[in-house]
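Participant: Just dropping this structure here.
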Amino acid sequence: MIRKIYKFGGASVKDADAVRNLKQIVENHKNEDILLVVSAMGKMTNAFEKVLADFRANDGQLGWGAMCPIMEFHEKIITDLFEPDKIDAVIEKVTMLLIELYEKLQDTHKAYDYQYDQTVCYGELISTTIIAAYLNESGIPTRWLDARQYVITDDTFRSANPDWNETRLRIQKLDAEHIRGLVCLTQGFIGSTNGGKHATTLGREGSDFTAAIFANCLDAEEVTIWKDVDGLLNADPKRFKETVKIPHISYSEAIELAFYGASIIHPKTIKPLQNKNIRLNVQSFVHPDMEPSVIDGNPSPITHHPSSITHHIVKDNQTLVSISPRDFSFMNEHNLKTVFEVCDELRIHANMMQTSALMLSLCFDHDDAKREALMESLGKMFSIKYNENLQLYTIRHYEEGQEKAFIAGRKIYLEQRSRATAQFVIENA
């Protein structure tokens, strides 16, 4: 029976050396009945987004050359990983996948969100094809699974919701089929509508959620997310000089951090684990012998109580929209209902909101199409102003003055403080 789920993100499979490191980790744990959930390699999702934009800008009329950067990136990894007599067979598999994608990219008359999901899923399909071949060649028997046949969702493209009943039926069959010592390998981030006809994605960085879905349906003991940091940190070490590793936090605290945008875990990851009391480890793939950070249902020990640790979370590329009634009426419940219904319809998630007598301010992830649709839908009733290219800086377990070093010299567009949290919408550095 499969009891442990290991998730490897893009950074942990970004090049040949990273894949070799993954192989070593798997080799050390191959007898523990594990399932691997793997993302696209490196920043390949961005590359697939770019090729989609190029094809749509040219009505699908681009030659095979548009695919070359993607092909060359994966070819280099394959050449570095495999013996000369094995290279061609793996390259052929990847080429066939890219030919499938090339044909789909020419049909640009579909809705963007739909075509997006049919495009970017190939990042995960290619990465897992390469890694499965490498593990098998390295003497680690590995079964490649197509996540689109297991994670069944609705048709909310780019942010699909699992059909838990159908997904559970499909995933639970894996236990009955599982052979001890055989490593299972599948893709994060992707699923499909019922019948597998149309690929879907679970939202950007959704591979964590995939791992949680499999863990929940398999009643796994634990999920381990392998990261390029030493565990769960209280801040991004690329932005803040002094960071602290957090040995343990509760599910509820993890949900709070994910809600505010902590990049260490996808916001939807915790609930499926909490429902089955499944432990989540955040572990370094650079230093795999180091103790992981643990997220579970136990309250944090007094010595590491969440209130004693300040968390700093920064979300880039934010849009701030200010909405006011044109008739100068109050921003009352009726007007708020109108605005929120439109936001719900457009799938605009507010990372921060603030209300005054005459204005509602919403801060959300940059999306030109959604912002323009919001303005068009509300423009007759409301006056709307917006600012772009902003940052949202959140301090969890805030103490007075902690924001000064990070926001020094920058314009503050909006700020909000509660008992435990302070948020600032600020100009980009």
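The values are calculated or read from the model by the stated rules, or taken from the named source; none is laboratory data. The model shown is predicted, which means the values in this text are computed figures rather than measured ones. Positions of Cβ are generated from backbone atoms using ideal geometry, with glycine treated the same way; all protein chains shown enter the neighbour counts. Just the protein is used for accessible areas: all its heavy atoms, side chains included, with ligands, DNA and RNA removed. Shrake-Rupley method; radii C 1.70, N 1.55, O 1.52, S 1.80 Å.
Participant: For the subset of the range 1-26 comprising residues that are open to solvent by 20 Å² or more (accessible area, probe 1.4 Å) and modelled with pLDDT of 95 or more, which member is nearest to ILE179 (Cα to Cα)? Step through it out loud before you land on a result.
Facilitator: Start the filter on the range 1-26 by keeping residues that are open to solvent by 20 Å² or more (accessible area, probe 1.4 Å), which leaves 1, 3-4, 11, 14-15, 17, 20-21, 23-24.
Now restrict to residues that are modelled with pLDDT of 95 or more: 4, 14-15, 17, 20-21, 23-24.
Details: LYS4: 14, LYS14: 29, ASP15: 30, ASP17: 29, ARG20: 24, ASN21: 24, LYS23: 19, GLN24: 21 Å.
Checked the range 1-26; the qualifying residue nearest to ILE179 (Cα to Cα) is LYS4.
Participant: Further, regarding this structure: With ASP154, ASP208 as the choices, which residue is among the charged types (D, E, K, R) and within 21 Å of SER284 (Cβ to Cβ)? Before the answer, list the steps.
Facilitator: Working: ASP154 fails: within 21 Å of SER284 (Cβ to Cβ).
None of the other options fit; the residue is ASP208.
Participant: Return the pair list, or none, for Cβ contacts closer than 6 Å from residues in the range 148-173 that are in contact (Cβ under 8 Å) with a residue 12 or more places away in the chain to residues that are part of a helix (DSSP H, G or I) and hydroxyl-bearing (Ser, Thr, Tyr), at least 6 apart or on different chains.
Facilitator: So the pair list comes out as VAL151/THR167; ILE152/THR167; PHE157/TYR114; ARG158/TYR116.
Participant: Here are the criteria: (1) at pLDDT below 95; (2) buried (at least 19 other Cβ atoms within 10 Å of the Cβ); (3) in contact with a Lys or Arg (Cβ under 9 Å, 6 or more places away or on another chain). Tell me which single one VAL38 does not satisfy.
Facilitator: Here VAL38 clears every test but (1).
Participant: Report those strands (runs of 3 or more DSSP E) wholly inside the range 356-423 carrying at least 1 residues which are among the charged types (D, E, K, R) and over 26 Å from the mean Cα position of the chain (by Cα).
Facilitator: Values: elements: 360-365, 382-396, 412-417.
Hits in the range 356-423: 382-396, 412-417.
Table: residues versus (1) surrounded by fewer than 18 Cβ atoms within 10 Å (Cβ to Cβ); (2) in contact with a helix residue (DSSP H, G or I) (Cβ under 6 Å, 6 or more places away or on another chain); (3) among the acidic types (Asp, Glu); (4) in a loop (DSSP other than H, G, I, E, B).
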position	(1), (2), (3), (4)
THR128	no, no, no, no
TYR134	no, yes, no, no
GLY139	yes, no, no, yes
ARG143	yes, no, no, no
ARG148	no, no, no, no
ASN165	yes, no, no, no
LEU169	yes, no, no, no
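Participant: Let me ask another. For residues that are at pLDDT 95 or above and in a loop (DSSP other than H, G, I, E, B), scanning just the range 203-225, find the one that is surrounded by the fewest Cβ atoms within 10 Å (Cβ to Cβ).
Facilitator: Looking at residues that are at pLDDT 95 or above and in a loop (DSSP other than H, G, I, E, B), I get ASP219.
Participant: I want to confirm something. Restricting to the range 277-309 and keeping residues that are among the charged types (D, E, K, R) and open to solvent by 80 Å² or more (accessible area, probe 1.4 Å), which single residue is modelled with the lowest pLDDT? Even if it seems obvious, please write down each step before you answer.
Facilitator: At the first step, the residues of the range 277-309 found to be among the charged types (D, E, K, R) are 279, 289, 291, 296.
With the extra rule that they be open to solvent by 80 Å² or more (accessible area, probe 1.4 Å), the set shrinks to 279, 289, 291.
Working: ARG279: 97, ASP289: 92, GLU291: 95.
If we take residues in the range 277-309 being among the charged types (D, E, K, R) and open to solvent by 80 Å² or more (accessible area, probe 1.4 Å), then ASP289 is modelled with the lowest pLDDT.
Participant: For the range 73-91, how many residues are in a loop (DSSP other than H, G, I, E, B) and open to solvent by 50 Å² or more (accessible area, probe 1.4 Å)? Before the answer, list the steps.
Facilitator: Residues of the range 73-91 that are in a loop (DSSP other than H, G, I, E, B), as a first pass: 82-83.
Okay, now just the ones that are also open to solvent by 50 Å² or more (accessible area, probe 1.4 Å), so 83.
Going through the range 73-91 one residue at a time, the tally reaches 1.
Participant: Of the residues ILE70, ILE99, which is part of a helix (DSSP H, G or I), under 27 Å from the mean Cα position of the chain (by Cα) and surrounded by 16 or more Cβ atoms within 10 Å (Cβ to Cβ)?
Facilitator: Details: ILE99 fails: surrounded by 16 or more Cβ atoms within 10 Å (Cβ to Cβ).
Step by step, each of ILE70, ILE99 is checked, and only ILE70 is part of a helix (DSSP H, G or I), under 27 Å from the mean Cα position of the chain (by Cα) and surrounded by 16 or more Cβ atoms within 10 Å (Cβ to Cβ).
Participant: Also, I was wondering about something else. Is it fair to say VAL94 is farther than 25 Å from PHE214 by Cα, modelled with pLDDT of 95 or more, buried (at least 20 other Cβ atoms within 10 Å of the Cβ) and over 25 Å from the mean Cα position of the chain (by Cα)?
Facilitator: Numbers: farther than 25 Å from PHE214 by Cα: yes; modelled with pLDDT of 95 or more: yes; buried (at least 20 other Cβ atoms within 10 Å of the Cβ): yes; over 25 Å from the mean Cα position of the chain (by Cα): no.
Spelling it out, it is not the case that VAL94 is farther than 25 Å from PHE214 by Cα, modelled with pLDDT of 95 or more, buried (at least 20 other Cβ atoms within 10 Å of the Cβ) and over 25 Å from the mean Cα position of the chain (by Cα).
Participant: Here's a follow-up. Report yes if ARG417 is surrounded by fewer than 17 Cβ atoms within 10 Å (Cβ to Cβ), among the charged types (D, E, K, R) and more than 30 Å from GLU49 (Cα to Cα), otherwise no. Spell out how you get there, then give the answer.
Facilitator: On the way: surrounded by fewer than 17 Cβ atoms within 10 Å (Cβ to Cβ): yes; among the charged types (D, E, K, R): yes; more than 30 Å from GLU49 (Cα to Cα): yes.
Taking the combined requirement at face value, the residue satisfies it.
Participant: Still on this structure, I have one more. Confirm whether GLU256 is modelled with pLDDT under 90 and part of a helix (DSSP H, G or I). Give the derivation first.
Facilitator: Numbers: modelled with pLDDT under 90: yes; part of a helix (DSSP H, G or I): yes.
In short, yes.
Participant: Looking at the structure I just gave you, is ASP327 open to solvent by 30 Å² or more (accessible area, probe 1.4 Å) and under 29 Å from the mean Cα position of the chain (by Cα)? Even if it seems obvious, please write down each step before you answer.
Facilitator: Values: open to solvent by 30 Å² or more (accessible area, probe 1.4 Å): yes; under 29 Å from the mean Cα position of the chain (by Cα): no.
Criteria not met by ASP327.
Participant: A follow-up question, please. I need the full set of residues from the range 398-429 which are touching a strand residue (DSSP E or B) at 6+ places or on another chain (Cβ under 7 Å) and of a type in the set (A, V, I, L, M, F, W, C), in order please.
Facilitator: Filtering the range 398-429 down to residues touching a strand residue (DSSP E or B) at 6+ places or on another chain (Cβ under 7 Å) leaves 398, 402-403, 406-407, 410-416, 420-428.
Matches in the range 398-429: PHE406, ILE407, ILE412, LEU414, ALA420, ALA422, PHE424, VAL425, ILE426.
Here's the yes/no breakdown for (1) modelled with pLDDT of 95 or more; (2) aromatic (Phe, Trp, Tyr); (3) closer than 26 Å to ASP236 by Cβ:
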| position | (1), (2), (3) |
| --- | --- |
| PHE328 | no, yes, no |
| MET359 | yes, no, no |
| ALA369 | no, no, no |
| ILE384 | yes, no, no |
| GLU399 | no, no, yes |
| ALA420 | no, no, yes |
| ILE426 | yes, no, yes |
